[in-house]
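So the structure is just underneath, and the comments pick up after that.
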Amino acid sequence: MKNPHCMRCGTKLEARDVDDEGVARERMVCPACGWIHYDNPTPVVAAIVEHRGEIVLVRQPGWPEKFFGLVTGFLEKDEHPDEAVLREVKEELGLDGVVQSFVGHYPFALLNELLIAYHVRAEGEITLGAELEAFKRILPEKLRPWPLGTGFAVRDWLASRAASIQG
């Protein structure tokens, strides 16, 4: 937890079991005013970006040099996930996109996020946004999922793609 203090009164929070509709769940609670920090996951959109027949993967600053992932970003207040994923593709790659399909939703406990993944077809010339360090292209048939976070969306998209090609 980033801020172990009450958002109302500033008192240090304590871990306590809280009754949540008959189920005891550990939460951070303020002993002074009773405020409860629920620590709900943050919604994040992810895009499997298809551009000119290839998948575009990106690397953020600070990531290992050989590590690339999907375009991702936070869902903004009052924004629909379909709109958010297209906004992120535009902001991070400078591309105009169209949502082809919803891939799935995936818990990402490591960062306390809920990933909402889409397949997006995009057009235009790639221009990296400020949040990215590099990109690479890979043919869909050479793409391999990774065992963490957005890698599960890649796995499911590849399985769906294979089924549609065979069917």
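The values are calculated or read from the model by the stated rules, or taken from the named source; none is laboratory data. What you see is a predicted model, and the numbers here were worked out from it, not measured in a lab. Ideal geometry is used to build each Cβ from the backbone, glycine not excepted, and the neighbour counts take in all protein chains shown. For the accessible areas, the whole protein counts, side chains as well, though only heavy atoms, and no ligand, DNA or RNA atoms are used. Shrake-Rupley method; radii C 1.70, N 1.55, O 1.52, S 1.80 Å.
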Exercise for the section: For residues that are part of a loop (DSSP other than H, G, I, E, B), in contact with a Gly (Cβ under 9 Å, 6 or more places away or on another chain) and modelled with pLDDT of 95 or more, tally how many sit in the stretch 111-137. Expected result: 6
Practice task
Could you check, for the stretch 43-62, whether at least one of its residues is at negative phi, more than 20 Å from the chain's Cα centre (by Cα) and charged (D, E, K, R)?
Solution key: yes
Handout entry: Residues of the stretch 113-137 that turn out to be open to solvent by less than 50 Å² (accessible area, probe 1.4 Å), closer than 16 Å to ALA46 by Cβ and in contact (Cβ under 8 Å) with a residue 40 or more places away in the chain, as a count
Key = 9
Practice task
Search the stretch 138-167 for residues being open to solvent by 80 Å² or more (accessible area, probe 1.4 Å) and more than 16 Å from LYS66 (Cβ to Cβ), and hand back the single one that is modelled with the highest pLDDT.
Solution key: ARG155
Handout entry: Selection count, the stretch 1-41, where residues are outside any strand (DSSP E or B), within 25 Å of LEU75 (Cβ to Cβ) and not basic (Lys, Arg)
Key = 8
Exercise for the section: Determine which member of the set SER164, SER101 is assigned to a helix (DSSP H, G or I), of a type in the set (S, T, N, Q) and either over 11 Å from the mean Cα position of the chain (by Cα) or under 15 Å from ALA47 (Cα atoms) (or both). Expected result: SER164
Practice task
Give the stretch 19-41 a look and list any residue that's open to solvent by less than 60 Å² (accessible area, probe 1.4 Å), of a type outside the set (D, E, K, R) and under 29 Å from the mean Cα position of the chain (by Cα), or say none.
Solution key: MET28, VAL29, TRP35, ILE36, HIS37
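Can you tell me which residue is most open to solvent (accessible area, probe 1.4 Å) among those in the stretch 63-87 that are farther than 16 Å from LEU148 by Cα and in contact (Cβ under 8 Å) with a residue 24 or more places away in the chain?
So, considering only residues that are farther than 16 Å from LEU148 by Cα and in contact (Cβ under 8 Å) with a residue 24 or more places away in the chain, the one most open to solvent (accessible area, probe 1.4 Å) is PHE74.
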Problem - Positions within the stretch 8-24 being in contact (Cβ under 8 Å) with a residue 24 or more places away in the chain and in contact with a strand residue (DSSP E or B) (Cβ under 9 Å, 6 or more places away or on another chain), in sequence order - result: LEU13
Practice task
Go through (1) crowded, with 16+ Cβ neighbours inside 10 Å; (2) assigned to a strand (DSSP E or B) one by one and return the number of the condition GLU92 breaks.
Solution key: (2)
Exercise for the section: Could you tell me whether any residue of the stretch 42-53 is in a strand (DSSP E or B), open to solvent by less than 50 Å² (accessible area, probe 1.4 Å), of a type in the set (Asp, Glu) and out of contact with any helix residue (DSSP H, G or I) (no Cβ under 7 Å at 6 or more places or on another chain)? Expected result: yes
